Amino acid sequence: EVQLVQSGGGLVKPGGSLRLSCAASGFSFTTAWMNWVRQVPGKGLEWVGRIKSKTDAETTDYAAPVKGRFTISRDDSKNTLFLQMDSLKTEDTAVYYCATGGFWGQGTLVTVSS
Amino acid sequence: DVVMTQSPLSLPVTLGQPASISCNSSQSLAHSDGNTYLNWFQQRPGQSPRRLIYKVSYRDSGVPDRFSGSGSGTDFTLKINRVEAEDVGVYYCVQTSHWPPWTFGQGTKVEIK
């Protein structure tokens, strides 16, 4: 069974940092291109960024609103995906999902507020 | 970026009746590899999105056959043959033909009349 189990998240002040994790199982994580998607509560879905597999040089791409502030990485030895979020803004408040193709994590809420 | 536009944004339906959601893209989603990467997701209240349809018309495992997808180029449709109570939620189209980024439609809220 494919599982993406997320951890991290919580309340952080503007300008602060937070790291989200996504532990994968049930599929070949090492060959998967992994994504982060976010959703402001009650609103639509917004793609945040992607990391390719090691064989594709672990290339990353980011949405314009987070470029330069967020960093996606992966640890294939632990089948885990990460999202490092720095210089957080109030508008980054959202539920963050890790996703690959048709499989999504359970989501984790990040609240940026003073 | 490709802009995805869904209609309607709200869809009240009667149980057992059909429902249809349209999704238009700002440019053709035909990929150079011959595929068209248009997906449909369902998000039930309080849940993560769940993919129903990939590459326009392929149903994911476990998805009831009352769901079907069709279309090509820039015009796509999700149909629910006979709406059931468990189908309540928000439906999103998303393109992955021209990414990054994935781009999502605004979402269509399906509710029971």
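The values are calculated or read from the model by the stated rules, or taken from the named source; none is laboratory data. Fair warning: this is a prediction, and the values are worked out from it, not measured in the lab. Backbone-built Cβ (ideal geometry, glycine too); neighbour counts: all protein chains shown.
Here are the numbers for the structure shown:
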| item | result |
| --- | --- |
| Count - residues of the range B:62-74 that are part of a strand (DSSP E or B) and within 27 Å of B:Lys113 (Cα to Cα) | 4 |
| Meets criteria (basic (Lys, Arg), assigned to a strand (DSSP E or B) and away from chain A (no Cβ under 13 Å)) for B:Lys79 | yes |
| Number of the condition not met by B:Pro64 [criteria: (1) farther than 30 Å from A:Val66 by Cα; (2) within 11 Å of the chain's Cα centre (by Cα); (3) free of Cβ contacts under 8 Å to residues at least 60 places away in the same chain] | (2) |
| Filter pass, A:Val37 being touching a residue at least 60 places away in the same chain (Cβ under 8 Å) and closer than 15 Å to A:Gly101 by Cα | yes |
| Qualifying residue in the range A:70-79 (condition: under 24 Å from B:Lys109 (Cα atoms) and either of a type in the set (Val, Ile, Thr) or buried (at least 19 other Cβ atoms within 10 Å of the Cβ) (or both)) | no |
| Residues of the range B:82-109 satisfying the condition of being in a strand (DSSP E or B) and not aliphatic (A, V, I, L, M) | B:Gly89, B:Tyr91, B:Tyr92, B:Cys93, B:Gln95, B:Thr103, B:Phe104, B:Thr108, B:Lys109 |
| The listed residue being without any contact (Cβ under 8 Å) to a residue 24 or more places away in the chain and touching a Lys or Arg at 6+ places or on another chain (Cβ under 9 Å), out of A:Ser28, A:Ser77, A:Ser53, A:Ser73 | A:Ser53 |
| Condition broken by B:Ser72, with the remaining ones in (1) surrounded by fewer than 16 Cβ atoms within 10 Å (Cβ to Cβ); (2) without any contact (Cβ under 8 Å) to a residue 40 or more places away in the chain satisfied | (2) |
| Matching entry among A:Val110, A:Val40 (being crowded, with 18+ Cβ neighbours inside 10 Å, of a type in the set (Val, Ile, Thr) and either in contact with a Leu (Cβ under 7 Å, 6 or more places away or on another chain) or modelled with pLDDT of 95 or more (or both)) | A:Val110 |
| Residues being assigned to a loop (DSSP other than H, G, I, E, B) and modelled with pLDDT of 95 or more - total across the range B:48-61 | 6 |
| Only one of A:Val66, A:Val48 that is in a loop (DSSP other than H, G, I, E, B) and either crowded, with 19+ Cβ neighbours inside 10 Å or within 11 Å of the chain's Cα centre (by Cα) (or both) | A:Val66 |
| Hits in the range A:12-37 (condition: surrounded by fewer than 16 Cβ atoms within 10 Å (Cβ to Cβ) and under 13 Å from A:Met85 (Cβ atoms)) | A:Lys13, A:Pro14, A:Gly15, A:Gly16, A:Ser17, A:Arg19 |
| Hits in the range A:79-114 - residues which are within 14 Å of chain B (Cβ to nearest Cβ), part of a strand (DSSP E or B) and not small (Gly, Ala, Ser) | A:Val95, A:Tyr96, A:Tyr97, A:Cys98, A:Thr100, A:Phe103, A:Trp104, A:Thr108, A:Leu109 |
| Selection within the range B:29-47 - within 11 Å of another protein chain (Cβ to nearest Cβ), of a type in the set (S, T, N, Q) and assigned to a loop (DSSP other than H, G, I, E, B) | B:Gln47 |
